[in-house]
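Working notes for the structure below.
The values are calculated or read from the model by the stated rules, or taken from the named source; none is laboratory data. Note that the structure is predicted; figures quoted are calculated from it, not measured. Neighbour counts are summed over all protein chains in view; Cβ atoms, including those assigned to glycine, are modelled from backbone coordinates with ideal geometry.
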Amino acid sequence: MKNIVAFIRPSKEEAVRETLHDLTSVTGASFSDVRGFGRGRAHSKDSFDEAVIGTLSKVRVDVMVSDEEAESVGNAIARAAHTGNRGDGKVYTLHVESALRVSTGETGTSAV
């Protein structure tokens, strides 16, 4: 199993949510309001220097999927969140050791 973690612009939350609803491989997702910073490029006359940008509001999206679906779900999130501008966000894919559905006791991918 994989956990797809994405940080996206708040203005793209609805588009990402609709995209995830349309994917039959996605059984659920979590959305959280977060704040953070990234590294941007500060342009000087002769070069580009890396500079820390102040904290910005983002939406964190967490989706659990099978190993086989991880790449396509991550790509779908990236397409839905894309504006073409800096600060569009990031998509990470993390390995999940195990899952347990509390209500039924199911484990593994059936718990997702």
* **Every pair of residues 6+ apart whose Cβ atoms lie under 9 Å, when the first sits in the range 1-17 and is farther than 26 Å from residue 107 by Cα while the second is assigned to a strand (DSSP E or B) and of a type in the set (Ser, Thr, Tyr)** => 7/92; 9/57; 10/57
* In the range 19-36, which residues are surrounded by 10 or more Cβ atoms within 10 Å (Cβ to Cβ), at pLDDT below 95 and not in a loop (DSSP other than H, G, I, E, B)? -> 36
* Structure fact -> Of the conditions (1) modelled with pLDDT under 95; (2) under 30 Å from residue 24 (Cα atoms), the single one that residue 82 does not satisfy is (1)
* Taking only pairs six or more apart or across chains, which ones have beta-carbon atoms under 8 Å, a first residue in the range 79-106 that is under 10 Å from residue 6 (Cβ atoms) and surrounded by 14 or more Cβ atoms within 10 Å (Cβ to Cβ), and a second residue that is charged (D, E, K, R) and modelled with pLDDT under 95? -> 81/88
* Asked: Filtering the range 49-77 down to residues that are under 21 Å from residue 35 (Cβ atoms) and either outside any strand (DSSP E or B) or of a type in the set (Phe, Trp, Tyr) (or both), which residue is modelled with the highest pLDDT?
  -> 77
